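Any read-out appearing in this document is the output of simple, stated calculations on the displayed coordinates, not a laboratory observation. Quantities reported herein were computed from a predicted structural model and do not represent experimental measurements. So basically every Cβ, Gly included, is an ideal-geometry build from the backbone, and we count neighbours across all protein chains shown.
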Amino acid sequence: MANINLTLSTKVDKDSGLSEILIRFYAGKQFSQRAKSKIFINAIHWDAKKQAIITSHLRMVSIGQKTAVNALQKKAKQLDELRHYIMNSFIDINSDYHNLPDDWLKNVVDAFYTKPSKPVAPSESIAKPSKKSAPAKPAPKPAPQPKKAELQPVADPVLESDAEDQDLTPEVSSFFAVFSDFIAKNDISENRKRHYRVVYRALQRYEAYNKITLSFDNITAETLKDFERYLANEHELFDDHKLKAVMRLYPESRPINQRGSNYVKDMMGKLRTFCRYASGKIKEMPINEPFFQTNPFDAYSIGTQTALGTPYFLTIEERNHLYHFDLNSERLSRQRDIFIFQCLVGCRVGDLMRLTWDNVIGDQLHYIPAKTCKNNPKTIIIPLHEIALEIIKRYKEPGRKMLLPFVAQQQYNEDIKSMLTLSGITRKVVIIDPKTNKEVVRHINDIASSHMARRTFVGNLYNKVKDPNLIGSLSGHVNGSKAFARYRAIDMNVKKELVSMLD
């Protein structure tokens, strides 16, 4: 995986008070080169953690300071473009760094400023700057400090004599830096943040593959349409050597397979949420000034997700059979007990992982679902089934606060499939294939996951009591949830009773 690290030189020019941004490019442990960016800034405008030029606090300025602010914003944009230019140059050589010359990175930086028609490859000559071109003007000394009465609410601006004298433009901020901040600041579960990071990396690959630079100025409805098409077809591009190189830059932990239409719509929905944030439309996450002048989703519709089909879940008999079955494995038995507990309380796996003994009050489980805690914080109270009480007592250990010995979610899902297979719960179910939107028949043990525990809880309750609001008070579904409409076709006993009435 290739990376670019940016640091600010400790050397400060005596006349201008500016320091140069330094670049280090490396690919794995075998390749590393350094170069100078030719971009100079004041140290107060550098964020070492984000490796970016700070412009967010330069908002309230006087007329005379506009040129200084615009100059700093131009530098931030230029640094972002340089970073992408280096990455694209690396992609152009198919990420083959073994034969690169020692001055490859320096040559790429030089080529960026001479604006060649394409990113430089190691075999290409680097054009030298024309002698006729005017030399860069040194930055003048900082302006004298105004008197106390003249002080303006702006941080020590960097002045440039060649800065454009124009009205203050919207802040030039890295699209991905703002996206990263949005993920970090968003008050959601870590599991949902991982889903946002999947979208983040997909955007990086889309940008690198198409050799473009995404910014708040150039993302339009047409961009969104093209990105949605890319998400649906990314798995087909792996024969393209260019995408292979991109994948080495922005990899996923698992192979990218064909994405179903609902999954693509879900990813686009997360991008839409970010765009609402960057447009200043999320009250819970206010920003001083919108990054987007116009939200591109105002002119683009994701569409509704296709039907998910009738839910499949374990019957009460299957659940009890699994609980009492000898799996002949300590690890699988422990995972089985956790799964059965989840089947008896119906919480989402993210909430299950957070449960501690503080959530158990008497013989009841009290918790607030993470999914709705921000907008609709409502405590769910579930009387614990005798098997659930038996399970938590079995795993109570001195010094451990967590309610159950939970492991990684992916391993949990794999173990659920294994325990169902070993216990003989392998019946066939009809589902909607998320990739083709057509009905297919699958064995329940092959498609089981942690969410099936939640469906098992809701489905078996719905078979007994057809009151969505009552069940929702235990499952955390909001009143009027459309999820219960899918459960109306699941009770075979009720169907048989209805048919018997024809006699």
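The table below lists the values:
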| quantity | calculated |
| --- | --- |
| Kirkwood Rh and Cα Rg combined as Rg/Rh, the range 175-299 | 0.95 |
| Estimated distance in nm for a label pair at THR220 and SER333, the labels positioned 7 Å out from Cα along Cα-to-Cβ | 6.5 |
| Burial ordering of SER37, SER253, fewest other beta-carbon atoms within 10 Å first | SER253, SER37 |
| 22 Å Cα-Cα threshold exceeded, pairs from LYS185/LYS225; LYS225/LYS435; LYS50/LYS265; LYS193/LYS435; LYS77/LYS265 | LYS185/LYS225; LYS50/LYS265; LYS193/LYS435; LYS77/LYS265 |
| Phi-based couplings in Hz for the range 378-383 (Karplus 6.51, -1.76, 1.60; Gly and Pro marked x) | 10, 6, 8, 10, 10, x |
| Rounded to whole Hz, the Karplus (6.51, -1.76, 1.60) HN-Hα couplings of the range 443-455, x for glycine and proline | 7, 4, 5, 7, 10, 5, 8, 4, 5, 5, 5, 5, 5 |
| Charge tally in the Cβ shell below 14 Å around PRO434, where Lys, Arg are +1 and Asp, Glu are -1, PRO434 excluded | +2 |
| Ranking of THR114, THR213 by count of other Cβ atoms within 10 Å, fewest first | THR114, THR213 |
| Ordering of 41-50, 446-455 by packing [mean C-beta count within 10 Å, highest first] | 446-455, 41-50 |
